[in-house]
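Down below is the structure, laid out as structure tokens.
The values are calculated or read from the model by the stated rules, or taken from the named source; none is laboratory data. Predicted model, so just to flag it, every value in this text is computed and none were measured. Virtual Cβ from ideal backbone geometry, glycine too; neighbours counted across all protein chains shown. In case anyone asks, the SASA skips ligands and DNA or RNA and just uses the protein heavy atoms, side chains included. Shrake-Rupley method; radii C 1.70, N 1.55, O 1.52, S 1.80 Å.
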Number of protein chains: 2
Amino acid sequence: MTDLGTAGAGAVLRLLLDGHPRTRAELIDLSGLARSTVTGRIESLVAAGLVVPSGEAASTGGRPPARFRFNPTARLILAADVGATHLSVALTDLTGVILDQSSTPLNIAEGPQIVLAAVARAGRELLSAAGRSTADLAGIGVGLPGPVDHRTGRPNHPPIMPGWDSYDVAGHLTADLAAPVLVDNDVNIMALGEHTTEYADVEHLLFVKVATGIGAGVISGGRLHRGAQGAAGDIGHIQSPARTEPCRCGNTGCLEAVASGAAIAEQLRAAGIDAATSLDVVALVRAGDTTATQAVRQAGREIGTVLAACVSLLNPSVIVVGGSLSQAGDALLAGLRESIYARSLPLATTELVVTSSRSTPDSALRGAATLVLHHALGW
Amino acid sequence: MTDLGTAGAGAVLRLLLDGHPRTRAELIDLSGLARSTVTGRIESLVAAGLVVPSGEAASTGGRPPARFRFNPTARLILAADVGATHLSVALTDLTGVILDQSSTPLNIAEGPQIVLAAVARAGRELLSAAGRSTADLAGIGVGLPGPVDHRTGRPNHPPIMPGWDSYDVAGHLTADLAAPVLVDNDVNIMALGEHTTEYADVEHLLFVKVATGIGAGVISGGRLHRGAQGAAGDIGHIQSPARTEPCRCGNTGCLEAVASGAAIAEQLRAAGIDAATSLDVVALVRAGDTTATQAVRQAGREIGTVLAACVSLLNPSVIVVGGSLSQAGDALLAGLRESIYARSLPLATTELVVTSSRSTPDSALRGAATLVLHHALGW
């Protein structure tokens, strides 16, 4: 991307991200970079407004040395969370802190031109309300509810997004808003958001979204693991042992066909209970409906069996469960834990934490902003 | 570890690892480090023998600038592959190229003191034959056939290693050979070795060992993914759908109880065929025994079902199958591919390569050496 300043300034900028003002001499010491290099990079960062002079350090005599600090609102990030039926857009500072946001119902099936025009419009409104312009944007982060090739910013055969396949989402928004665009799927940005805001020190984390569909985001060694084609985390189509329900993917017995919000709603309808969506299921559980609670707990067991395999493969420290069905609370988590502890080796579960998402619904927006920040820092 | 030279020299050393001689000025340009820093680090590296002067560069007048190059045999790495019933030890250069090796039958159940004494003895013999001493060792890499806490170098409840639980393997060998010691499980070192020698450019790779037991090594973003307790890759105890065979871990239906070399040998014995080990099974398949071939193919399908879940979760580019049963050849691979392609999303298998290990049996030794190199480079 055209960057948070200038190529190569990343090393100096990273040292200032903690918010502490530092002198040139301190930055030279910490980075091991040459004086001329550090001076040049500070000049670029100051010119870009990303770093500002900040008071003066205690002098050892003569002219006191200048200090420089990171200026997190020098430029802004536009973060967009495009769901199946909603659009949320936020303006964040360069650390991903949300300054303002808006949300509106919007059907993704309207197609990319209408949806992306809505993203741009919402972005311009937020900028205008903040007294800023598109020239202030360091980048745009977008989450979409389907597979995305992160390298090209194009959706890859998304099942619920008619008209979006291979559409140049990044190109469209860059042309409109004149800022670099990073695109990823919704589960990856939720994983990034949850990791950044709540578990920044955790190296190995699995974020599981249980909603109309089921998917996961994998944090390995502190970084998002996207895999060779950006398809990592697609646990919704792992086989649920001994199940044969037909799945929309063309296979049978997929976890998503057995334990998603949509699947549970279907099971409840078959039992004569009125439920159309994941949120209807949550409402029934909250109202104390026994059949719904049992169905959610059983779904938790099915998901937990697949997660036990993920635990054996990856040995994460934390599994965070998000998505609308996670609002059903203890019934889902209890089922999950039951299967995970039954099927994982003791060593891998000694310190494993299985918990609900803490930062929904902002985590997706925070994650979309994190896409931009990480890219700018060369991560 | 006490290092391949001196703390902080890594950045300069990394630039020289490609074998090209470079001048101080070139190293300053490439690293962005200060002249004094580069000069200091070169001095340390030359003092340690890791870098040597190498001819002179074309001069622009005056004294021609000196060039420096990496000296891969300045110090050596001792690599040990400790199996259930064998010990292989190699001396490698600093890039992991094997200079000499020896192998001997040895039962791991003899306990850590006898086995580690044998490692040290074999190491000293190789050093002596090469006219070198323990003072030349940059480090020692050890692979063990069971779970290891890589951070402490101690086995963690290893099932087939009586007397080894929590034994200070690293401390024992460091005391004996006066060199830093890195320990990991055998599958991880095979994964590292295969990745280093055959797939260095592949970011996401899964190495699967099918032998008496079943395990995997996960390469994510070019690095070995060990997980929170070093237990990652333990796919042998993932549930095989609809199977109920008792497993030595205390659970039932584990992949290892269904599809390992030991499990297949047991199935063949139940069918009246004389087979005790994984290698007996391989011999039967090679001799054209239909029952053995069918059993191996079915084991491949069972393993493939678990690997399909791994493919959905991680989206690797390459799955490499090693271990003694991989020598059974096409029957195993065909079964694996059958299940993987049947159960993975098309996007994740578009470019997926499923293949046999190319570098067995040296890959374990190469991987043990790579442990030392990566650690020394701060990876």
- In the stretch B:80-103, residue farthest from the chain's Cα centre (by Cα) [restricted to those that are farther than 16 Å from B:Ala138 by Cβ and part of a loop (DSSP other than H, G, I, E, B)]: B:Thr85
- Query: Only one of (1) free of Cβ contacts under 8 Å to residues at least 24 places away in the same chain; (2) surrounded by fewer than 17 Cβ atoms within 10 Å (Cβ to Cβ) is not met by A:Ala34, so which one is it?
  - Reply: (2)
- Being modelled with pLDDT of 80 or more and closer than 19 Å to B:Leu76 by Cβ is the filter; apply it to the stretch B:1-41 and report the residue that is farthest from the other protein chains (Cβ to nearest Cβ). B:Gly19
- How many residues does the stretch B:224-238 contain that are on the phi < 0 side of the Ramachandran plot and facing another protein chain (nearest Cβ under 7 Å)? 9
- Item | Single condition A:Met190 does not satisfy, out of (1) away from every other protein chain (no Cβ under 14 Å); (2) surrounded by fewer than 24 Cβ atoms within 10 Å (Cβ to Cβ) | (2)
- What do you reckon, is A:Ser54 in the same structural domain as A:Asp184 (by TED's automatic domain parsing) and more than 20 Å from A:Ala138 (Cα to Cα)? no
- Query: Is it fair to say B:Ala348 is more than 26 Å from B:Gly146 (Cα to Cα), open to solvent by 10 Å² or more (accessible area, probe 1.4 Å) and either within 14 Å of chain A (Cβ to nearest Cβ) or not polar (S, T, N, Q) (or both)?
  - Reply: no
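Could you tell me whether the stretch B:327-336 includes any residue that is within 14 Å of another protein chain (Cβ to nearest Cβ), surrounded by 23 or more Cβ atoms within 10 Å (Cβ to Cβ) and over 19 Å from the mean Cα position of the chain (by Cα)? If you could, list the steps in order and put the result at the bottom.
Residues of the stretch B:327-336 within 14 Å of another protein chain (Cβ to nearest Cβ): none.
No - not one qualifying residue is present in the stretch B:327-336.
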- Item | Which numbered condition A:Gly163 misses (of (1) touching a strand residue (DSSP E or B) at 6+ places or on another chain (Cβ under 7 Å); (2) under 14 Å from A:Gly111 (Cα atoms)) | (1)
- Message: A:Glu203 - would you say it is surrounded by fewer than 20 Cβ atoms within 10 Å (Cβ to Cβ), within 27 Å of A:Ile98 (Cα to Cα) and out of contact with any His (no Cβ under 7 Å at 6 or more places or on another chain)?
- Response: yes
- Here the residues within the stretch B:191-221 that are closer than 20 Å to B:His237 by Cα and in contact with a Lys or Arg (Cβ under 6 Å, 6 or more places away or on another chain) are B:Gly215
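Residue-wise test of (1) within 14 Å of another protein chain (Cβ to nearest Cβ); (2) open to solvent by 20 Å² or more (accessible area, probe 1.4 Å).
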site	(1), (2)
B:Leu78	no, no
B:Leu94	no, no
B:Gln101	no, yes
B:Ile114	no, yes
B:Gly123	no, no
B:Ser128	no, yes
B:Leu137	no, no
B:Arg151	yes, yes
- Message: Would you confirm, using the coordinates I've provided, whether B:Val208 is farther than 14 Å from B:Gly141 by Cβ, open to solvent by less than 10 Å² (accessible area, probe 1.4 Å) and more than 10 Å from chain A (Cβ to nearest Cβ)?
- Response: yes
- Among B:Cys254, B:Cys247, which is in contact (Cβ under 8 Å) with a residue 12 or more places away in the chain and within 14 Å of another protein chain (Cβ to nearest Cβ)? B:Cys254
- Message: Whether any residue in the stretch A:272-288 is under 24 Å from the mean Cα position of the chain (by Cα) and either under 30 Å from B:Gly221 (Cα atoms) or within 14 Å of chain B (Cβ to nearest Cβ) (or both) is what I want to check.
- Response: no
- Verdict on A:Leu307 being under 19 Å from B:Gly227 (Cβ atoms) and touching a strand residue (DSSP E or B) at 6+ places or on another chain (Cβ under 8 Å): yes
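With the structure loaded, tell me whether A:Leu365 is in contact with a Ser or Thr (Cβ under 8 Å, 6 or more places away or on another chain), open to solvent by 10 Å² or more (accessible area, probe 1.4 Å) and at pLDDT 85 or above or whether it fails that test.
Judged against the criteria, A:Leu365 is not a match.
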- B:Gln298: passes all of (1) in contact (Cβ under 8 Å) with a residue 40 or more places away in the chain; (2) more than 9 Å from chain A (Cβ to nearest Cβ) but (1)
- Query: Would it be correct to say that A:Gly221 is in contact with an Asp or Glu (Cβ under 8 Å, 6 or more places away or on another chain), at positive phi and open to solvent by less than 10 Å² (accessible area, probe 1.4 Å)?
  - Reply: no
